[in-house]
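The values are calculated or read from the model by the stated rules, or taken from the named source; none is laboratory data. Quick caveat, the model's predicted, so the values are computed rather than measured. Cβ coordinates were reconstructed from backbone atoms using ideal geometry, including for glycine residues, and neighbour counts include every protein chain displayed. Accessible surface areas use protein heavy atoms only, side chains included; no ligands, DNA or RNA. Shrake-Rupley method; radii C 1.70, N 1.55, O 1.52, S 1.80 Å.
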Amino acid sequence: MTGGHDEVGALAGLRVLDLTMYLPGPYATLLLADLGADVLTIEPPSGDLARHIAPRVGTDSALHNWVARNKRSCVLDLKSESGKASFHQLVSGADVVIEGFTPGVAQRLGVDYESCCHAKPDIVYCSISGGGHGHRLASTPGHDINYLALAGFLDQTITEHGAPATIGPPIADIAAGLHAAVGILAALRHRDAGGGGQFVDVSIMGAALALTAPQQVKVTAPAPLDPARDHNLGADPAYRVYRTRDRRFVAVGAFEDKYWARLCDALGRSDLAAQRNSDPQAAITALSAIFVSRDLADWNELLLDADVCYSPVNQIRDVPGDRLVKARNDFTTDVAGASVGIAQLQTPIRMSKAPARIRHGAPGLGEHPPQWL
């Protein structure tokens with residue numbers, strides 16, 4: 001890793017060789033690329049699977065348009081000897097290799113950690129897989145929904161009909177990418193301190209378990225919390241979702257007493273403040289009747305600026321227009337080389353001296369040669 005200038009990102013000079021596809025690995029390298037790393041994605045001749053997921057933006061997918069920005073793309077057939085030779089030549093100049101194969105596949109292809117160490121002894125090699133390495137179930141296939149189910153996450157989304165809700169955003173995939181990025185940066189810190197390279201094993205299952213940890217500690221405690229009393233599961237009138245008259249929803253997060261009292265006052269029902277503890281179900285019933293009596297726009301006008309931890313449940317298509325999102329400038333269409341008019345979600349990492357930025361849009365398949373800048 002060579003030194004860089006603040007204007008090109010905190011990770012300028014970091015070279016990342018990316019063998020991953022779809023989302024967990026590409027999200028990890030998106031974070032690194034936004035922070036200035038040179039991420040070279042190695043795609044098979046058919047391209048990353050993420051290029052083909054609807055809806056489309058130009059010749060590729062909307063997903064690829066986002067997750068592949070700030071990266072470069074070259075095509076290598078890793079099943080061929082020439083493809084493997086080109087890959088190992090790239091490894092010799094890389095800082096990081098990241099792959100998302102089922103355990104055992106990288107070894108069969110000759111691109112595993114041990115083979116990469118021959119080309120670059122101090123390489124940081126990250127593997128993202130469903131269940132991780134080193135156990136008898138390591139090769140069991142699965143996707144985001146499977147690991148959310150196994151981790152107990154879906155059990156925490158039981159609806160009024162008694163069934164788990166299907167989660168739209170693939171949050172275990174994103175969480176795995178976050179953990180991989182942290183693991184890679186920690187391994188680089190260890191390497192730069194003289195400890196050499198190492199193998200970083202990140203699983204989607206482990207990431208899903210991390211998401212459920214605040215709930216897991218409640219059931220593994222010596223005196224487990226009764227789910228009927230769990231504020232995260234809707235037992236607290238001050239911390240739940242309510243339906244409005246126009247069949248929209250609002251989220252109330254007045255967890256602290258001062259916000260709860262302020263909300264009750266704003267609703268003209270200061271008498272409900274004490275019921276939060278004495279009779280929470282009665283308070284839930286009362287608030288349900290209150291919120292369903294008016295439309296979402298009415299509640300926004302009354303409560304958005306009332307300092308009570310209130311928010312509308314935005315429909316996903318309306319998020320770019322939300323006032324907080326706009327105030328934070330979370331979306332931009334000013335991206336060099338990107339599809340015209342397509343909004344890009346900016347990185348949530350805001351740095352004062354070496355800010356992350358979108359330098360260019362997603363590359364076409366095989367747009368770049370297999371070489372480092």
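Details
- Residues that are in contact with a strand residue (DSSP E or B) (Cβ under 9 Å, 6 or more places away or on another chain), among the hydrophobic types (A, V, I, L, M, F, W, C) and in a helix (DSSP H, G or I) are absent from region 14-24.
- Taking first residues from region 292-306 that are β-branched (V, I, T) and partners that are part of a loop (DSSP other than H, G, I, E, B), the Cβ contacts under 8 Å between residues at least 6 apart in sequence or on separate chains come to V292/T244; V292/R245.
- Any hit, region 150-171, residues being hydrophobic (A, V, I, L, M, F, W, C), in a strand (DSSP E or B) and under 21 Å from T29 (Cβ atoms): no
- Pairs where the first residue, in region 184-195, is aliphatic (A, V, I, L, M) and part of a helix (DSSP H, G or I) and the second is modelled with pLDDT under 95 and open to solvent by 80 Å² or more (accessible area, probe 1.4 Å), C-beta under 9 Å, 6+ apart: L188/M1
- Close Cβ contacts (under 6 Å, 6 or more residues apart or on different chains) running from residues in region 142-167 that are of a type in the set (S, T, Y) to residues that are open to solvent by less than 60 Å² (accessible area, probe 1.4 Å) and assigned to a helix (DSSP H, G or I) comprise Y147/A172; Y147/I204; Y147/M205; Y147/A208.
- Candidate set from region 268-291 (those that are of a type in the set (V, I, T) and in contact (Cβ under 8 Å) with a residue 12 or more places away in the chain); member that is surrounded by the most Cβ atoms within 10 Å (Cβ to Cβ): I284
- Selection of region 119-133 for residues being under 19 Å from A151 (Cβ atoms) and not in a strand (DSSP E or B) yields G130, G131, G132, H133.
- Meets criteria (farther than 30 Å from L345 by Cα and open to solvent by less than 60 Å² (accessible area, probe 1.4 Å)) for G234: yes
- Taken across region 27-42, residues that are part of a strand (DSSP E or B), closer than 22 Å to S127 by Cβ, among the acidic types (D, E) and touching a residue at least 60 places away in the same chain (Cβ under 8 Å) do occur, with at least one present.
- H64 falls short of the stated requirement of being open to solvent by 40 Å² or more (accessible area, probe 1.4 Å) and not basic (K, R).
- Failed criterion for L31 (all others in (1) within 26 Å of T332 (Cα to Cα); (2) open to solvent by less than 10 Å² (accessible area, probe 1.4 Å) hold): (2)
- Of residues in region 196-210 being open to solvent by 30 Å² or more (accessible area, probe 1.4 Å) and small (G, A, S), the one nearest to S115 (Cα to Cα): G206
- Residue tally, condition over 34 Å from the mean Cα position of the chain (by Cα) and either without any contact (Cβ under 8 Å) to a residue 12 or more places away in the chain or surrounded by 18 or more Cβ atoms within 10 Å (Cβ to Cβ) (or both), over region 237-266: 3
- Close contacts from region 112-133, counting a first residue that is closer than 20 Å to E81 by Cβ and a second that is open to solvent by 10 Å² or more (accessible area, probe 1.4 Å) and hydroxyl-bearing (S, T, Y), with Cβ to Cβ under 6 Å and a gap of 6+ residues or different chains, come to A119/S92; K120/S92.
- In region 90-112, the residues that are over 29 Å from the mean Cα position of the chain (by Cα) and either at pLDDT below 95 or not charged (D, E, K, R) (or both): S92, G110
- Checked against (1) more than 30 Å from T102 (Cβ to Cβ); (2) of a type in the set (A, V, I, L, M, F, W, C); (3) free of Cβ contacts under 8 Å to residues at least 12 places away in the same chain; (4) surrounded by fewer than 14 Cβ atoms within 10 Å (Cβ to Cβ), A213 passes all but a single condition, namely (1).
- Applying the criterion of being in a strand (DSSP E or B) and within 20 Å of the chain's Cα centre (by Cα) to the residues of region 54-89, the residue that is modelled with the lowest pLDDT is S61.
- Scanning region 213-225 for residues that are assigned to a helix (DSSP H, G or I) and out of contact with any helix residue (DSSP H, G or I) (no Cβ under 7 Å at 6 or more places or on another chain) yields A213, P214, Q216, V217, K218, V219, T220.
- Filtered residues of region 143-166 (kept if over 19 Å from G177 (Cα atoms) and of a type outside the set (D, E)): G152, L154, Q156, T157, I158, T159, H161, G162, A163, P164, A165, T166
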